[in-house]
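A short worksheet on the structure shown next.
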Amino acid sequence: MTIHVKNNIHWVGQRDWEVQDFHGTEYKMTKGTSYNSYLIREEKTVLIDTVDHRFSHQFIQNLEMEVNLEEIDYIVINHAEEDHSGALSDLMARIPNTPIYCTENAVDSIVGHHHHPEWNFQVVKTGDSLDIGNGKQLIFIEAPMLHWPDSMMTYLTGDAVLFSNDAFGQHYCDERLFNDEVDQNELMDQCLRYYSNILTPFSGLVTAKIHEVLSFNVPVDMIATSHGIVWRDNPTQIIHQYLEWADNYQEDRITIFYDTMSNNTRMMADAIAQGIHDVDPSVAVKVFNVSRQDKNDILASVFRSKGILVGSSTMNNVMMPKVAGMLEEITGLRFKNKKAGAFGSYGWNGGAVDRIHSRLTDAGFETTLGLKAKWKPDGKMMLKCREHGRMIAKQWTLKALPLAEASAPVSNLQVSKQSTVECFDAAPVQNAEPSVASQPTIGSVATSEALSPTDTQKMLCTVCNWVYDPAIGEVNQGIDIGTCWSDVPESFLCPECGLGKDVFEPVKGA
Ligand code: FEO
């Protein structure tokens, strides 16, 4: 199958609806992908890139239905990674003397993958051109690290099409080829997912390369990427979007991610999230369990965030392994201009929170107060977590908060300073933006009107001894903090043993 792109340009690539993994299993593809190859037929016939090696046979079969392979005068390989040069071995077996235009680094990689140093490589640099007849030329633009050291783009004069390879692409599969034909939300989600998970470390290079391309002052009528759609409607929109993403991008968003052994750190995460929302309802708070949710979704959310909160139970005096893996990946992505904090519950020793804090600091985040809770958070601890969230919201706010929001009490329950909670100043906040409201002291939450004993009555599960505390609620069953027992629905089930309300009785003296 081929698709007409423009004038004498046709798409001759391959759809891959079922692929789920890229870079081993490090990048999950949720919408498939495509491997875009283009055939240009002017006085000379040119093939731009090939497809993933798994589709070599199908690619050449399709290509032969479109053109006599012997008529291909030039092959341009913009990038040697196997998803683009993978079909070269089979193709060159059919047309072995065809010149391959690529960067010097690409020769190294192509030979390393395909083991044919005798192929007719033609090394090009930025500004080199190739006349393909009918008054048109291909102009080559090196683009190292977008996405590999060998990458380049190719610009076709006359038609004003930029073959950008990985840059401006996305892992997105649709039978429709052009950006104006597909679901715009899906498209931009996949563009952001691709940029945040793959290109973030090279943001400085992205900015420099885009300005270099813009300095050529040539028209760009289409951007033909190597994955996903071709940008033909307002094609420079993705260039401007990349410039924005490359410039220490952040939204009014906080990402919380954690792993949890006994649900305790999860309880902290939920309460912290609620505390942030108490003070700053406009901030988007997103909470993820790293052991259950998609890693690339979490990283994309981190990319969009002004700050992150990372939680882990302490296991063998260190953090849980999936959290450690996430921190390693975040370090490699080299996020800039973001704040961070650590939290977690522990039993015998709380080493995880200290280690997370250190790792976040080493990764370049502006770290703030951490928060530890010993064992399962009780009502007082949950209030402290919520108060911690309130403090974070104030510290990290991007705007002046309404006074009422900034100073409103979390709850009407008094918090004792004699708590199992350990709050620590793991490091001073560096260059923190001034808080618009005085910061609360954890463990000294303000009080307001008192609740009646009925409102605060804790209830004991007589089967497993789990305690329902109105000050905590039961977030997993949608029961908000502050819900008294009489308002808990009859459908409620004990989260420990699964039995209903009828096995509960009041906790004496509570
Ligand atoms: Fe699409 Fe860098 O490969």
> Among (1) more than 19 Å from the chain's Cα centre (by Cα); (2) more than 30 Å from Pro470 (Cβ to Cβ), which single condition is Pro281 missing?
Replying inline: (2)
> Would you call Asp21 within 15 Å of the ligand (Cβ to nearest atom), closer than 21 Å to Ile141 by Cβ and either open to solvent by 20 Å² or more (accessible area, probe 1.4 Å) or in contact (Cβ under 8 Å) with a residue 60 or more places away in the chain (or both)?
Replying inline: no
> Failed condition for Glu42, given (1) in contact (Cβ under 8 Å) with a residue 24 or more places away in the chain; (2) within 16 Å of the ligand (Cβ to nearest atom); (3) open to solvent by 10 Å² or more (accessible area, probe 1.4 Å), with all others met?
Replying inline: (2)
> Can you find a residue in the stretch 125-146 that is open to solvent by 20 Å² or more (accessible area, probe 1.4 Å), assigned to a loop (DSSP other than H, G, I, E, B) and within 16 Å of the ligand (Cβ to nearest atom)?
Replying inline: yes
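Residue by residue, here is whether (1) in a helix (DSSP H, G or I); (2) of a type in the set (A, V, I, L, M); (3) in contact (Cβ under 8 Å) with a residue 12 or more places away in the chain holds:
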residue	(1), (2), (3)
Asn296	yes, no, yes
Val302	yes, yes, yes
Leu309	no, yes, yes
Lys322	yes, no, yes
Met326	yes, yes, yes
Ile330	yes, yes, yes
Asn337	no, no, yes
> Has the stretch 51-63 got at least one residue that is among the hydrophobic types (A, V, I, L, M, F, W, C), in contact (Cβ under 8 Å) with a residue 24 or more places away in the chain and out of contact with any strand residue (DSSP E or B) (no Cβ under 9 Å at 6 or more places or on another chain)?
Replying inline: yes
>> Just to check your reading of the model, which residue among Asp469, Asp502, Asp487 is at pLDDT 90 or above and over 17 Å from Asp270 (Cβ atoms)?
In response: Asp487
> So which helices (runs of 4 or more DSSP H) stay within the stretch 152-253 end to end and still have 3 or more residues that are within 16 Å of the ligand (Cβ to nearest atom) and surrounded by 14 or more Cβ atoms within 10 Å (Cβ to Cβ)?
Replying inline: 184-194, 203-215
> Any residue at all in the stretch 260-268 that is part of a helix (DSSP H, G or I), more than 25 Å from Ser203 (Cα to Cα) and open to solvent by less than 10 Å² (accessible area, probe 1.4 Å)?
Replying inline: yes
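Here is a yes/no grid of residues against (1) away from the ligand (no atom under 15 Å from the Cβ); (2) farther than 18 Å from Met222 by Cα; (3) buried (at least 20 other Cβ atoms within 10 Å of the Cβ):
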position	(1), (2), (3)
Arg15	no, yes, no
Gly32	no, yes, no
Ser37	no, no, yes
Arg54	no, yes, no
Gln61	yes, yes, no
Asp73	yes, yes, no
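The values are calculated or read from the model by the stated rules, or taken from the named source; none is laboratory data. Not measured: the values here are computed from a predicted model. Quick reminder, even Gly has a Cβ in these numbers, built from the backbone with ideal geometry, and neighbours come from all protein chains shown. Calculation scope for accessible area: heavy atoms of the full protein, side chains included, ligands and nucleic acids excluded. Shrake-Rupley method; radii C 1.70, N 1.55, O 1.52, S 1.80 Å.
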